[in-house]
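This report refers to the structure that appears directly beneath it.
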Amino acid sequence: MTPALMKLENISFAYETLPVLKDISLSTREQDFIGLIGPNGSGKSTLLKIMGAILKPDSGSIQFKESSLPKINKKLFAQSVSWIPQDHPMVFPFKVSEIVLMGRHPYLSPLSFESEEDFEISQRAMETTMTSQFADRYFNEISGGEKQRVMIASALAQDPEMMLLDEPTAALDLKYQIQILSILKNLNARHKMTLVMAMHDLNLASSFCNRLILLDEGQIVRDGTPEQVLKKDILEQVYGIEVDLGSHDGSIRVHPVISR
């Protein structure tokens, strides 16, 4: 069996006195496309931040490629794991090409400048994410869906082994949701990139992810394929509503039952 890319054991975390994650254990492997699902407040974003070394757990251990995370050089970790937050506030007027090129920063020394190779890698990242056409536009002037693609391009320019995304399709219309998830699926399939993504839409998660982790109140309720996780009794217990399950093109479809 392929060794785990990242392994979390007995992770717990609290904001001051508010417990958010409770005894979480999981492993990710090369080419996993994991959807973190669960109600608001279940711990999805916090778990991603801990996996990205943005937050430090109160207890438990994390290994990346069989090395303890606290002992890994921060620059090397930044080259291997990219983090895409839900919001992208940009105060300064950077162009799209400049934002993407920032993804190369983990490879630069404090006094060095970007090389021709850095520019070439950034250009390929824009081509992969279909953002080349607005490379010279300012980031704050493009649409929400375009911004999300630019941030994925910047993360891709890092040439990471793992990409962590916090609700990358939130507040986007259906066209951009499908576009972004299709780009991510391509990165997963062709570039063998491991993806861990917080999601709210269970149907999109079922269609694009090969593995789902269902969280509730800071604990893992179920971890497995969409067929193993999206069960009527489990979803009704976790979400507190009645649902019907169907299928389309081999993917599970979840429909809330609306009383009239």
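When only residues in the range 212-224 that are touching a Pro at 6+ places or on another chain (Cβ under 8 Å) and part of a strand (DSSP E or B) count, which is farthest from Q31 (Cα to Cα)? Break it down stepwise before answering.
So in the range 212-224, the residues touching a Pro at 6+ places or on another chain (Cβ under 8 Å) come out as 212, 216, 218.
Okay, now just the ones that are also part of a strand (DSSP E or B), so 212, 216.
Numbers: L212: 14, D216: 25 Å.
The selected residue is D216.
Within the range 14-48, restricting attention to residues that are more than 15 Å from H200 (Cβ to Cβ) and at pLDDT below 95, the residue that is farthest from the chain's Cα centre (by Cα) is T17. Here A205 meets the list (1) part of a helix (DSSP H, G or I); (2) hydrophobic (A, V, I, L, M, F, W, C); (3) modelled with pLDDT of 95 or more; (4) touching a helix residue (DSSP H, G or I) at 6+ places or on another chain (Cβ under 6 Å) almost entirely, failing just condition (4).
Candidates D249, D223: the one that is over 21 Å from A170 (Cβ atoms), modelled with pLDDT of 95 or more and among the charged types (D, E, K, R) is D223.
Could you check the range 3-18 and list, in sequence order, the residues that are among the β-branched types (V, I, T) and farther than 18 Å from F77 by Cβ?
Narrowing the range 3-18 to residues among the β-branched types (V, I, T): 11, 17.
Passing the criteria: only T17.
Inside the range 108-138, residues that are at pLDDT 90 or above, hydroxyl-bearing (S, T, Y) and either assigned to a loop (DSSP other than H, G, I, E, B) or within 24 Å of the chain's Cα centre (by Cα) (or both) make up a count of 6.
Put simply, of V150, V81 the only residue that is under 22 Å from N186 (Cα atoms), in contact with a Phe, Trp or Tyr (Cβ under 9 Å, 6 or more places away or on another chain), buried (at least 18 other Cβ atoms within 10 Å of the Cβ) and without any contact (Cβ under 8 Å) to a residue 60 or more places away in the chain is V150. When D216 is tested against (1) modelled with pLDDT of 95 or more; (2) in contact with a strand residue (DSSP E or B) (Cβ under 8 Å, 6 or more places away or on another chain), just one condition goes unmet, and that condition is (2).
For the range 9-29, filtered to residues that are touching a strand residue (DSSP E or B) at 6+ places or on another chain (Cβ under 6 Å) and closer than 16 Å to L195 by Cβ, the residue that is surrounded by the most Cβ atoms within 10 Å (Cβ to Cβ) is T28. For the range 225-246, the set of residues classified as buried (at least 16 other Cβ atoms within 10 Å of the Cβ) and more than 23 Å from S25 (Cβ to Cβ) consists of Y239, V243, listed by residue number. Take the conditions assigned to a strand (DSSP E or B) and among the small types (G, A, S) and apply them to S25. Does it pass? Criteria met by S25.
The values are calculated or read from the model by the stated rules, or taken from the named source; none is laboratory data. Predicted, not measured: the structure shown is a model, and the values here were computed from it. Heads up, the Cβs are rebuilt from the backbone with ideal geometry, glycines too, and the neighbour counts pull from every protein chain shown.
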